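Just so you know, all these numbers are worked out from the coordinates, no wet-lab data involved. All of these numbers come straight from a predicted model, not from anything done at the bench. Using ideal geometry, Cβ is built from the backbone for each residue, glycine included, and neighbour counts are taken over all protein chains shown.
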Amino acid sequence: MIKRVMIVDDSPMIHTMLRKTLESHDYEVCADAQNGKEAVELYEKHKPDLVFMDITMPVMDGLAASRSIKASDSNARIIMLSAMGDEEILQEAESIGIDIFLKKPFNDYKIVSAISKLV
Amino acid sequence: MVKLEIARPDFEGIIDRAMDDVVGTAAGFEVKRLNTATEINFGEVEITGAMLLPGLNNAMLTISLSHKAAEVLIAYMTGIFPDQLEEEDLYDGAAEIVNQVAGRIKSELAETDYHFVLTPPFTIIGRGHRVIHKSRIESICLDYFAGETLLKVELSFIK
């Protein structure tokens, strides 16, 4: 069951938008990270049920962070959220084991639909 | 010898779709491109979201709007009332909008000579500012009306 979610993005606006959607559907945002390195550290600390991960971030990007999280927890569930959608990126995301790849922009429906596919 | 001419992509149509997708989805607004003959009070440009787009034909994308327009747009996108938005919210919002629009444009230009990579977006602020390019460029400048907001989009290719 998915209840606790971590948001990883370097844009405060994305955090605000996602949090609003998630909390209105009774999900708990248990952690916020601004880059991939923080994401890896916070994942270890909070063990969220689901991670929303951006790709382009400073310090460590989302693909590297996802790879690291999946290496330590193969059952980690990650939804990648990005403005990019190149075939190369999609293939790399798939090889890492990203559960769902969502292209920005997103709305309530897209987010909730994506989560429901993982349940 | 037959000289093949590479068709110029329909930049206007590509930008239309990107704006409709991004602003329409995130803010719930109907997005309409204004024709050049439309006289409308744009208001003073105060915030510009920008992104450099390196590729075979280096480019830059900017989306400019007034402070008021930014408040309305970001309010609808985030669900935060305009009077509760901080300045940083507007600057981040402008950068995120240009990021997403660039992503959409990128997808449509991927198989063309105008393909590019995304770079970190940034925001230019200042009342009445303008973005002036020094090098020879080809610019596609389009104005959009979305909700109660007016947005100026410029996609410039450096020749």
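Some values worked out for this structure:
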quantity	calculated
Rounded, prolate or oblate (a/c below 1.5 giving rounded, otherwise prolate when a/b exceeds b/c) for chain B by Cα gyration tensor	prolate
Structure-based [θ]222 nm, the protein assembly as shown - -39500 (n - 2.57) summed over DSSP H runs of at least 4, per residue, nearest 500	-12500 deg cm²/dmol
Local net charge near residue A:39, Cβ-Cβ under 14 Å (Lys/Arg +1, Asp/Glu -1)	-3
Share, in percent, of DSSP beta bridges within the protein assembly as shown that are antiparallel, nearest 5	65
Environment charge at residue B:140 (Cβ cut-off 12 Å; Lys +1, Arg +1, Asp -1, Glu -1)	-3
Cα gyration tensor shape for the protein assembly as shown, rounded if a/c is under 1.5, else prolate or oblate	oblate
Burial ranking of peptide ranges B:67-76, B:114-123 (average Cβ count within 10 Å, highest at the top)	B:67-76, B:114-123
Net charge of Cβ neighbours under 15 Å - reference residue A:4; Lys, Arg +1; Asp, Glu -1	-2
Computed label-point distance, nm, for sites residue B:88 and residue B:138 using a 7 Å Cα→Cβ extension	4.1
Other protein chain Cβ atoms within 10 Å, averaged over every residue that makes up B:95-104	5
Rounded, prolate or oblate (a/c below 1.5 giving rounded, otherwise prolate when a/b exceeds b/c) for chain A by Cα gyration tensor	rounded
Over chain A, relative contact order from alpha-carbon pairs under 8 Å, at least 6 apart, %	23
Per-peptide average of other Cβ atoms within 10 Å, ordering A:10-18, B:126-134 highest first	A:10-18, B:126-134
